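The values are calculated or read from the model by the stated rules, or taken from the named source; none is laboratory data. Computed from a predicted structure; not experimentally measured. With ideal geometry, Cβ positions are generated from the backbone for all residues, glycine too; neighbour counts draw on all protein chains shown. The accessibility values were calculated without ligands, DNA or RNA, using every heavy atom of the protein model including side chains. Shrake-Rupley method; radii C 1.70, N 1.55, O 1.52, S 1.80 Å.
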Amino acid sequence: MVIQLYTLRSSIRPLQAQVHRYFSSAVTARNSSPAEPPLEEDFFCPAEPPKPQEPQHPTSPQTLPSDLAAHPTPKKLLSDLPATVLNDYYETECPNDAQLAYADKFFAPSRHSPVKLWSASKFRTTPMSAHEPEVCFLGRSNVGKSSLLNALMTGELCYTSKKPGRTREMNAFGIGGTKGGESKIVLLDMPGYGYGGRYDWGKEIMKYLQKRKQLRRIFLLIDGFHGMKPMDRVIIRWLSEYGLPYQIVVPKIDKVLVKQRNQLRSGVSEPGLAACRDLHREFREAAAEIAQEWNGPPPLGETLTACAHVERTPGHYIGISALRWAILKAAGYDANLDAEGNVIKQEKVVAAPMRVQKEGGEGEEEKKNTKKKAGKVSITKVTTGPSKRASQVSPKRR
């Protein structure tokens, strides 16, 4: 009876309590179960029996290791591939080169951008008077949030560490600021959930995601090498249930393409690109299934990839330009471009009449004559009366 009551209580446990639990490492340390429980499919789907191997015909050719070495898989350099070849745009339009160049220019560092704005450990200490659009980066501990933000801002503003749980506060960074003006977009680095996280962090993060009016989009980072974990599924379920706009980003995509990072210098093979496409399909179907189960909105119609340590071309890391463009779209700064991706130049209204006056000489002469006439009139007004005669007398006669 006690076991039945315990299972009943665990089945009706609120979803928000489960989310808070995933931010805490102390709970998983006390339990005897592993830190990351296996999927429910593993309990109900038995393993398939091994298929019997068919005997090979003695005359059938056999592929030897020497044949594989003689015909290696052709590779393509990253610089020869399109900038968005590793992304999945299944509902939205793929950005062109002009739009990506505009996003890079928007994020270009200057004296007033990027800049750290504030840090808060609790939601009530966040500045409520701010009006800039905000986007936040959420993910498991040590998934690569801080490294990705440093690549986006082209600086070392976020503290990075191999040990999970180093980010302990909500850190806000401003982009696109000018002298004497406010930043145009605010990027937030959130503490990670899972191993190394804390219960209090998850509680404050959930408050921010629910109540922050300036929030425009949540970029959910999921590790592509380990796949979608049960913790990630619970976060997606929570975001879908509350109707929060989120987008999936796969950092450290180099681990999916090759086994070692140095192998990308020679290029990417077709099996690596196929593995990336399979990963996109897996994440898209899993997120759509969770959203359909809880009658919530699915993620936005594009899955992005990035790598903050491998350059596609000199000075441009994998997927950073496309992620910058997604941030501009979320904040509403993509309206300065036309349909072809060209920047719309706004002509100055004040400069047009000045050019007409400089080109025509008659306008300048009339302007000078009016000034002279105005000066004479003012002098006669001042020198009227007895003071006029005194002004006309020479200083010698006086």
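Within the set Lys116/Lys259; Lys207/Lys255; Lys145/Lys259; Lys179/Lys207; Lys255/Lys329; Lys213/Lys255, which residue pairs have Cα atoms separated by over 30 Å? Don't skip to the end; give the middle numbers.
Details: Lys116/Lys259 36 Å; Lys207/Lys255 34 Å; Lys145/Lys259 21 Å; Lys179/Lys207 33 Å; Lys255/Lys329 28 Å; Lys213/Lys255 36 Å.
Lys116/Lys259; Lys207/Lys255; Lys179/Lys207; Lys213/Lys255, as the Cα separations exceed 30 Å there.
Name all residues of segment 280-309 having a backbone nitrogen under 20 Å from the label point set 7 Å from the Cα of Leu81 along its Cα→Cβ direction, giving them as ranges.
280-284, 302-309
When all alpha-carbon pairs of segment 88-331 are counted, what percent fall beyond 28 Å? Provide the component values of the computation, followed by the final result.
Values: 8572 of 29646 pairs.
In whole percent, the share of Cα-Cα pairs in segment 88-331 beyond 28 Å is 29.
Please give the contour-minus-distance gain from Ala275 to Ala335: 0.36 nm per residue of separation, less the Cα-Cα distance, rounded to one decimal in nm.
Values: separation 60, 0.36 × 60 = 21.60 nm, distance 3.48 nm.
Value of the extension gain: 18.1 nm.
Can you check what the net charge comes to around Glu132, using other residues whose Cβ is under 11 Å from the Cβ of Glu132 (Lys, Arg +1; Asp, Glu -1)?
Residues near Glu132 contribute 0 overall.
Quick check: residue separation of Glu91 and Glu289 times 0.36 nm, minus the Cα distance between them. What number comes out in nm?
Result for the pair: 69.6 nm of gain on full extension.
Per the 1.4 Å probe, what fraction of the accessible area of segment 88-331, in percent, lies on carbon and sulfur atoms?
46
Can you pull the one-decimal nm distance between simple spin-label points at Ser129 and His309, each 7 Å off the Cα toward Cβ?
That separation, rounded to one decimal, is 4.3 nm.
I'd like to check one number: the per residue accessible area of segment 88-331, probe 1.4 Å, reported in Å² as a whole number.
Accessible surface, normalised per residue, equals 46 Å².
Which net charge results when you count Lys and Arg as +1 and Asp and Glu as -1 among the other residues whose beta-carbon is under 15 Å from that of Gly176?
It works out to a net charge of +3.
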